[in-house]
Each structure stands twice: as structure tokens, then as C-alpha cells.
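Colleague: Below you'll find the structure I mean.
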Amino acid sequence: MVNLVAAQKPMLHGLMKMAGVVPYTVEIEPGTSMSFWVPKETINTKPKQSKKNPKQNKPVVVLVHGFAAEGIVTWQFQIGSLTKKYQVYVPDLLFFGGSTTDNPDRSPRFQAECLSKGLKQLGVEKCTVVGFSYGGMVAFKLAEMCPDLVQAMVISGSILAMTDSISTTTLEGLGFSSSSELLLPTSVKGLKALLSVAAHKKLWFPDKLHKDFLEVMFTNRKERGELLEGLVVSNKDASIPNFQQERIHLLWGENDQIFKLEHAQNMKEELGEKATLEGIKKAGHLVHLERPCAYNRCLKRFLASFYAAHEPQK
């Protein structure tokens, strides 16, 4: 029987190419490769030449996905909305999409290191990073490690770091015993439970579609379980980095049950004057998928404001 989710992939890939982004794989180091969707005019089959590409005159936006799906599935409603004014790069983090590594490091820091190396190989010198959920934690690491690369950030449904206490409190509040139980469902029932806490509105899909989604999107289970283990840090080791970026915009679904609006408000206070917070009503953790038009308006407004102030176009 045809897997309906897999059958939709060629159509999604076609839409991405129509929007101006194409797939490209970068070897980060021996044994480690990262898949990207990149602006087709910037690679010309030779990414290292892209620094000299005269067409590369638009600001760069990097969209970093969360834990339940790869890059273009996560950001399918944002990519086409952004490509007219921005060069959009959509990576697949390690063990998502076609990205793999034989390195045993499973930390967000290693994901960020690989992402920075990949972007630099593709000729990206400066960018704004948009991170969702797990991708937001990777984005924070990338901004901390590479202030010359990351000019600004937009973060949705994420936190600075997953500490022991936040992990325990969040899982207990949602009624799950572990991050793997929540984020790596093995059954239709488990996937429905994940969607019920991730979305504000009740979503109904036939069980066949749930089964197909589980088969296609939840690959590399062993490695992803290790990523979840590598995500949690001790409370005593947690600290607030001194981010050098001038702007960090927190763009939140006001009904997020996983990382509640209260988390965003506390984070805004911790980050200080450089941080701004904007809520989107009637949206949960999957705010960019539930209310894509509202999300895109907020995102583009922030980007336009930031680049008008810092990189006015000639």
C-alpha cells in the first residue's frame, strides 16, 4: 500500500524548487555530512564559489527545524513567503533528512558546530537564524559560538537550554515519563498524544496517515534518542550566555503547552533589552504550522525592521 506521506514528498520538493531552493549536501568532515535546501542561484554546483556570486545580494535567513520533522516539512509555509526578499537556507540537522555523522557527540553544540561549518562552506558570512523548538536550542548555541555569523535570532517554542528541572517539570505537566515517550512516538496513539499537546486546535487525521507519518518522519530512532539524552544539562551547569547579537525576537504561540508563554516571558527578562517578545493568539507549539499567515507577517516584519536598520539595500 502506498505511503501517503512519502507520496507527497515529490510534490513538496517540487514546490520548494519553484520557491527557488534546491537540495545540496555538504561534507562537514570525514564521516559527517549535512543536507541543506539552498538558494539555487548561489551554488552553481560549486558552493565554494558562492562568495563571489554577484546574485548573492539579499540578506540570508537560516531556518532550523524542530524534533518531529526535517527542514522543509517544518518550514514548508515559510520558505516561499521569504524567498522574494531573502536568501533562505534550510538545513537538516544531524539524523534528520539526509544528514548523518559517525561522530558520537550528540550535543546541541556539535549540531551548531556542524551547521556553522556547513553554512560557511556554502559561502554564508552573515545571517539571521530562525529556530523552532529543538532547533531553537541549536540556534542559541550557534549564536553564542559564532557571533560574527549570526546577526540576529528569531526563536519560537524553545529555551536557552533544557535543564534537569525544566525537563522534569515540563514532562510531568504534560503527563509523559520521558522526552523519548513524547517526541519519539512508536504508535498511532503516541503520535496523537504528541499532536494533542503540540497543537492548540484539535487535529484529526485518519489512522493510516498517522502510521505513514511515523514510518517516514521518525527514522534514526536510536540516534535521535541519544540526541534527547544529550540535550539535558545539569541545573548547576546552566548559565545565560552573553549574546553579542543586538536583536533576539521571541515569536510564540500564546497557547504553547510544551514551552509556555511564561517561559518566553522569563527568557525575555533574562536576555535583557536586546530581547523582544511577540505572541500569536490561538496557536500552540506548532505556531508556524497552525497560523502560518500570522507567523509569516510577524517574522517578515521583524526581518524588515532589522535589515532596514542594519543593512539597508542599495
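Colleague: Residues that are surrounded by fewer than 18 Cβ atoms within 10 Å (Cβ to Cβ): which helices (runs of 4 or more DSSP H) entirely in the stretch 202-302 hold 1 or more of them?
Modeller: 207-217, 221-231, 261-271
Colleague: Working only within the stretch 146-156, note down all residues that are touching a strand residue (DSSP E or B) at 6+ places or on another chain (Cβ under 7 Å) and open to solvent by 10 Å² or more (accessible area, probe 1.4 Å).
Modeller: Passing the criteria: only Gln151.
Colleague: Would you check which residues across the stretch 182-191 are open to solvent by 50 Å² or more (accessible area, probe 1.4 Å), part of a helix (DSSP H, G or I) and closer than 27 Å to Arg106 by Cα and list them?
Modeller: Result: no residue meets the conditions.
Colleague: Moving to a separate point now. Between Leu261, Leu271, Leu250, which is free of Cβ contacts under 8 Å to residues at least 60 places away in the same chain, closer than 23 Å to Cys127 by Cα and touching a strand residue (DSSP E or B) at 6+ places or on another chain (Cβ under 7 Å)?
Modeller: Leu271
Colleague: Any idea how many residues of the stretch 1-34 are out of contact with any helix residue (DSSP H, G or I) (no Cβ under 8 Å at 6 or more places or on another chain) and crowded, with 16+ Cβ neighbours inside 10 Å?
Modeller: 1
Colleague: Then there's this: Val129 passes all but one of (1) open to solvent by less than 20 Å² (accessible area, probe 1.4 Å); (2) of a type in the set (A, V, I, L, M, F, W, C); (3) farther than 25 Å from Val287 by Cβ; which number fails?
Modeller: Just one mismatch for Val129, condition (3).
Colleague: Within the stretch 150-168, does at least one residue satisfy the condition of being under 21 Å from the mean Cα position of the chain (by Cα), at pLDDT 90 or above and assigned to a helix (DSSP H, G or I)?
Modeller: no
Colleague: While we're looking at this one, here's another question. Could you figure out which of (1) part of a loop (DSSP other than H, G, I, E, B); (2) open to solvent by less than 40 Å² (accessible area, probe 1.4 Å); (3) not acidic (Asp, Glu) isn't true of Ala143?
Modeller: (1)
Colleague: Among what's in the stretch 72-96 and is under 16 Å from Pro23 (Cβ atoms) and touching a Pro at 6+ places or on another chain (Cβ under 7 Å), pick the residue that is surrounded by the most Cβ atoms within 10 Å (Cβ to Cβ).
Modeller: Per the stated criteria, the residue is Val88.
Colleague: Further question: Does Ser116 meet the test of being out of contact with any Asp or Glu (no Cβ under 7 Å at 6 or more places or on another chain), polar (S, T, N, Q), within 25 Å of Tyr307 (Cβ to Cβ) and modelled with pLDDT of 95 or more?
Modeller: Judged against the criteria, Ser116 is a match.
The values are calculated or read from the model by the stated rules, or taken from the named source; none is laboratory data. Predicted model only: the values in this text are computed from it and were never measured. Cβ: placed from backbone, ideal geometry, glycine included. Neighbour counts: every protein chain shown. Ligands, DNA and RNA are excluded from the accessible area calculation, which covers all protein heavy atoms including side chains. Shrake-Rupley method; radii C 1.70, N 1.55, O 1.52, S 1.80 Å.
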